[in-house]
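The values are calculated or read from the model by the stated rules, or taken from the named source; none is laboratory data. All values reported here derive from a predicted model rather than from experimental measurement. Positions of Cβ are backbone-derived with ideal geometry, glycine not excepted, and every protein chain shown enters the neighbour counts. Calculation scope for accessible area: heavy atoms of the full protein, side chains included, ligands and nucleic acids excluded. Shrake-Rupley method; radii C 1.70, N 1.55, O 1.52, S 1.80 Å.
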Amino acid sequence: MVIFPAKQERHVSLRQLTRPRAAAVLLSYSMLSIRFQEHLETLGLASGSRALVAVSGGGDSVALLDLLVATREAHGMTLIVAHVDHGIHPQSAEVAVRVEQLAQCYGLRCITGHIDLGGGASETRARRRRYEWLEESREREGAEFIFTAHHADDQVETVLLRVFHGSGPAGLAAMAPRRGAIVRPLLPFRRVELVQYLHERNLAYWEDPANRDPRHERSWLRETLIPHLRDRWPEVDQNVLRLADHARADRNAWDLVLDQLPGLAWRSEPGGGSVAAAVLGGYDSTLANTLLRAIARRAGCHVGPDRARRALRFLRAATSGTCFQLGNGWELQVVFDRIRIVPITEDRDTRSTGTKEVAITGKEGNESLGSWVLTWRVEMAPLKQLRDGFSAWFIPGDMHFRVWRAGDRVRPIGGRGSRLVVKCFQESRVPRLQREGWPVLVDPAGEVVWVPGVCRSDDRIPHGGSEALRVDAAVT
């Protein structure tokens, strides 16, 4: 194992890199940095954006950071170095310090996440926790993008692994240059090019011994199988990348089909998406299977052909309010005349706030009830109030929020008599699965005076222009 090798003819220790030296080195552009800049311009990244650069300390990520710094006058982005210390390797803490020193050499801020996974953590678990931390850090830092150092050789390994695991055609498209907040600007470049660039720039890096450990699938593929494939078929890398290009073109075509089919009516949903149930169910089973997987991909969920087949069987007899587990934290929901594919954010059984109540006290305040944020303040009442608004004005007095219950009734503003709250949900087309934990505002007598976003009661309505208590409800 080598920790940031410091052989003077090829590398320089990070401790020896000073800011003036680093700045001077950046003045010389190599052909690779020019190609990198040209490729970066094709990714549609806004100048002036903030971006995290995921730097493990390995050669690929060090090269990525150096290239981004060398071309920052062109791309104009604010860079923040982000390093994850998994706690797997005994010297990971030292690597973290070296990455922080490298960031300092470039005059960049570095944030480090410490994730103590222990020595027996799997590649999958480490990768999942790393991306979770990066996404949390991106949101906390107000950054638009996360740069990662995946390159062409990583793409070849990914395609081959998916072939051996029986991936469908869309899965063979492998990694996209840009997906959501993740940007992979090194995908057109080979590992050998990046190594040469590191040597030309005299940049130090860490060689992670896990990258050569045959116990890991990817490492075995890289160190054992692919060299044999290259001996037999020298063009294997180019051919595998060509396969990925074909699969990506096919996947993109199916994505475009979603907007062309009449009546399918794709609609973005919080965290996912939905389509018209009757239209999808009317297609031939083979076409419906492919469309359902394309719909899931657009929503952000990977669904294999077998799982899609079972989901379609479920849909034939499904009724509104039922759901089908798609795996990996996703589910398919039947909501009236639409099919929703959305992530399961948390266990529904834990979403209910039980008997918790939120009292509306004082002239202003804010409280939370489950996934809802409730705020109130004193202001002049409007001349007219919406029946289904998420803001409502009341004559001041004792009131409190609680979760709605079966049997609750409300007297709709402008209506006659009282109605069951569940009927109001149905009329407002609130899916059954979204009703859990929904707050209602109750007066001292226990009468529901407001169901936010669904129904305003005709009780406690102030005169327009008079002093009133404005109450707002929002889902976090």
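Listing for the model above:
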| read-out | value |
| --- | --- |
| Test: residue in region 343-358 that is surrounded by 16 or more Cβ atoms within 10 Å (Cβ to Cβ), within 22 Å of S457 (Cα to Cα) and either at pLDDT 90 or above or among the aliphatic types (A, V, I, L, M) (or both) | yes |
| Subset tally (residues that are farther than 12 Å from R297 by Cα and either crowded, with 16+ Cβ neighbours inside 10 Å or in contact with a helix residue (DSSP H, G or I) (Cβ under 7 Å, 6 or more places away or on another chain) (or both)) for region 243-256 | 5 |
| Qualifying residue in region 391-412 (condition: at pLDDT below 90 and not in a loop (DSSP other than H, G, I, E, B)) | no |
| Test result for Q238, surrounded by fewer than 14 Cβ atoms within 10 Å (Cβ to Cβ) and over 30 Å from the mean Cα position of the chain (by Cα) | yes |
| Inter-residue pairs, beta-carbon under 6 Å, first at positive phi and in region 200-217, second surrounded by 15 or more Cβ atoms within 10 Å (Cβ to Cβ), 6+ apart | N202/V12 |
| Any hit, region 275-298, residues being among the charged types (D, E, K, R), more than 24 Å from the chain's Cα centre (by Cα) and open to solvent by 60 Å² or more (accessible area, probe 1.4 Å) | yes |
| Matching residues, region 225-259, being among the polar types (S, T, N, Q) and at pLDDT 95 or above | Q238, N239 |
| Test: residue in region 217-225 that is farther than 22 Å from S33 by Cβ, open to solvent by less than 30 Å² (accessible area, probe 1.4 Å), among the aliphatic types (A, V, I, L, M) and in contact with a helix residue (DSSP H, G or I) (Cβ under 7 Å, 6 or more places away or on another chain) | yes |
| Residue within region 425-432 that is open to solvent by less than 10 Å² (accessible area, probe 1.4 Å) and over 31 Å from the mean Cα position of the chain (by Cα) present | no |
| Residue list for region 60-94, restricted to those being over 19 Å from R109 (Cα atoms) and either without any contact (Cβ under 8 Å) to a residue 60 or more places away in the chain or open to solvent by less than 10 Å² (accessible area, probe 1.4 Å) (or both) | A74, H86, G87, P90, S92 |
| Any hit, region 379-386, residues being at pLDDT 90 or above and not in a loop (DSSP other than H, G, I, E, B) | yes |
